[in-house]
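Only one structure is covered here, and it is reproduced in the block below.
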Amino acid sequence: VKRCINCEFSFEGATWLCPACGAGPMSSNGFVAFAPNLDHIAAGFSESHFALLASLEAGNFWFQARNRLIAWALARYFPAATSFLEIGCGTGFVLSSVAEQFPQLCLSGSEVYSAGLRYAAQRVSHAHLFQADARRIPFEGEFDVIGAFDVLEHIEDDRGVLAQMHRALVPGGGLILTVPQHPCLWSPQDEYACHVRRYGTRELVAKVRTAGFTIVRTTSFVSLLMPLLIASRWRKQARREQFDALDESRMGPTANAALGAVMAVERVLIRSGVSFPAGGSRLVIARKKARLQ
Ligand SMILES: [Zn+2]
């Protein structure tokens with residue numbers, strides 16, 4: 001069901017024109033745009049950011065490992081899903097992996113910066129892609145599963161976004177989230193990435209529950225590599241090195257493969273039921289309550 005972001009009227013229909021108030025979305029870079037004013041504010045930043053991201057993602061162990069974890073979570077907890085919306089889909093790296101492994105899923109992707117959607121459209125041509133503000137999702141009771149992967153930490157009103165995701169899900173629908181964890185790991189890397197916060201271990205779980213969800217599973221990940229992560233940040237601080245945002249992405253193929261292997265071990269443990277208490281990131285899998293019989 002569509003939801004008018006102008007007057008909040010819910011309606012079904014082939015077009016986006018609201019039958020109550022007549023409002024409809026605009027267009028931005030050729031995509032249906034629900035919040036074009038936000039898109040235009042950061043046009044310059046987002047162009048170069050997504051170009052860089054698109055060139056890094058495919059060869060980087062961290063993005064690959066996160067994709068595999070997301071695919072596992074989808075298959076394990078929501079095997080009957082037929083529709084999936086990713087909030088903050090960026091360049092479509094996650095969506096393209098989901099498309100490959102779950103060809104039966106009807107895919108949608110929302111992103112505030114349409115510059116990212118141009119890459120996503122190339123990677124997953126059959127996905128429904130639109131520009132929108134995560135705080136005003138134009139759907140209600142529509143999707144079987146919604147995911148947001150390293151998105152909430154960018155948004156001041158994360159509670160509002162969780163409430164919007166809850167409303168956009170069908171009763172019994174699933175939520176999959178990843179976020180950076182541990183405020184004590186805050187570094188120039190977070191500032192460069194425009195993070196508003198890193199989450200405390202229980203913070204995201206509490207906020208997800210408050211939005212009306214039941215927690216299905218939660219674990220830290222990037223746990224086995226956490227000592228390495230801490231050591232690398234300490235070393236940089238001690239040497240007062242000039243901050244280089246790309247340093248951690250620019251490793252050689254051997255180091256990348258080694259770190260990928262550690263992440264694979266960690267995934268085996270998570271699949272077998274181990275939930276890590278600490279780690280660079282947190283995964284939360286939750287469910288909206290089913291409609292009462
Ligand atoms: Zn309306």
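Values in this text are rule-based calculations from the coordinates and carry no lab data. Quick caveat: nothing in here was measured; it's all calculated off a predicted structure. Glycine also receives a Cβ, built like all others from the backbone with ideal geometry; neighbour counts cover every protein chain displayed.
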- So what's the convex hull volume per residue for the Cα atoms of the stretch 34-104, in Å³? 101
- In which sequence would Ile146, Ile270 go, from the one with the fewest C-beta neighbours within 10 Å to the one with the most? Ile270, Ile146
- Task: For the stretch 157-220, just the Cα set please: Rg and Dmax, both in angstrom.
- Result: 13.0, 40
- Message: Could you tell me the center-to-center distance, by alpha carbons, between the stretch 21-83 and the stretch 110-178 in angstrom?
- Response: 8
- What ratio of Cα Rg to 2.2 N^0.38 Å holds for the chain? 1.00
- Could you state, as a whole-number percent, how many of the C-alpha pairs of the stretch 72-150 are farther apart than 21 Å? 20
- Note on the structure: Inverse of <1/r> over all distinct C-alpha pairs of the stretch 1-155, i.e. the Kirkwood Rh in Å, gives 16.1
- Query: Which value in deg cm²/dmol, rounded to the nearest 500, describes the helix-derived mean residue ellipticity at 222 nm for the chain, given -39,500 (n - 2.57) per DSSP H run of n ≥ 4 and division by the residue count?
  - Reply: -12000 deg cm²/dmol
- Query: For the stretch 138-293, what size does the Cα cloud have along each of its three principal axes, sorted from largest down, in whole Å?
  - Reply: 61, 35, 25
